[in-house]
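Rule-based calculations on the coordinates, nothing more; no lab input. A quick note: this is a predicted structure, and the numbers were derived from the prediction, not measured. Glycine also receives a Cβ, built like all others from the backbone with ideal geometry; neighbour counts cover every protein chain displayed.
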Amino acid sequence: MPSLPDLAGRTVAVSGVGSAFGVAIAEAFRAQGASVFGCDLDPAAFPVLQAAGIDCAAVDLRYRAAAADWIEAVVRAAGGIEILVNNAGGVVGQQHQPFETLTDADWDIVLDINLNAAMVLSRAATRHMAAAGSGAIVNICSGASLRASLTGIQAYCAAKHALLGLTRQLAHELGPQGIRVNAIAPGLVLTGEATRRQWDAYGPGGQADILAGVAMRRLGRAEDIARAALFLASDWAGFVTGQILSVDGGIR
Ligand SMILES: NC(=O)c1ccc[n+]([C@@H]2O[C@H](COP(=O)([O-])OP(=O)(O)OC[C@H]3O[C@@H](n4cnc5c(N)ncnc54)[C@H](O)[C@@H]3O)[C@@H](O)[C@H]2O)c1
């Protein structure tokens, strides 16, 4: 039986490391003794992360070459890559708008960050994982991977559904090479301006209805998501692949 979660010395790459989930995930792996590398477009959180021993790189994941180059830089620095957490994503400042007024640019950027970036980073990382004969990928999906999104943003729901599809497909393709691919579906966590605006828009009645539909009667916390990522990346999940783990307090 491996020790929990047996992550000491492993090399972990976390995209979107500047977000609330990214910080919590990076710090959780670091606390387990992993060697952690993060990237984000926004460097605001880098000083705090660097003080915790986390390597940070400013990368715009809309550019596929830059995304793949970051994985190569991680491998050069660490000698390999064992774990990739595709966390970058979100609604990039968007709110629901009627489908007929949706612009191509608004659609594309949400797909680029939530889906295409995960594809490019996974493709770059799995080349090295396959050569090593093992690896784990954790994709931060959403309840919007499983049902319509509370955000109302069409591209977000489509991208998160597609990310779950990629998770399942890669699990089958890469399993024989010792690479596991899983997903997490977080419930609503008030991580920043976008989620706070979304929560405020429900008003007191809507908020009470949402909480009444959650078995644990609370919203999620970034640590809830980080702990699930540790589990799925660790040897304790060594026979788990192609799965989506809802971390949402039990939504009805
Ligand atoms: N907060 C929630 O309630 C919730 C629920 C379900 C899923 N999620 C998912 O969790 C993940 C993290 O969400 P969060 O709430 O912590 O914050 P968030 O949605 O703001 O995180 C997005 C992160 O990605 C980064 N990013 C955006 N565009 C980028 C680009 N072009 N290149 C590199 N990085 C870029 C941002 O700077 C930010 O740090 C996202 O994938 C989000 O979709 C969040």
Rounded to the nearest Å, what's the spacing between the alpha carbon centres of the stretch 171-232 and the stretch 101-137? Just the number, please. 20
Farthest toward positive dipole pole in the chain [+1 Lys/Arg, -1 Asp/Glu at C-beta], among ALA45, ALA132, TYR63: ALA132
Fewest-first sequence of VAL138, VAL59, VAL85 by Cβ atoms within 10 Å of each Cβ: VAL59, VAL138, VAL85
For a bin width of 10 Å, list the pair-distance distribution of the stretch 1-55 built from all Cα-Cα distances, rounded to whole %. 28, 54, 16, 3
Reciprocal mean inverse distance between Cα atoms of the chain - Kirkwood radius, Å: 18.2
Would you mind checking which residues have amide H under 5 Å from LEU84's amide H? H placed 1.01 Å from N; only 5 or more apart, or other chain. ALA13, ALA136, ILE137, VAL138
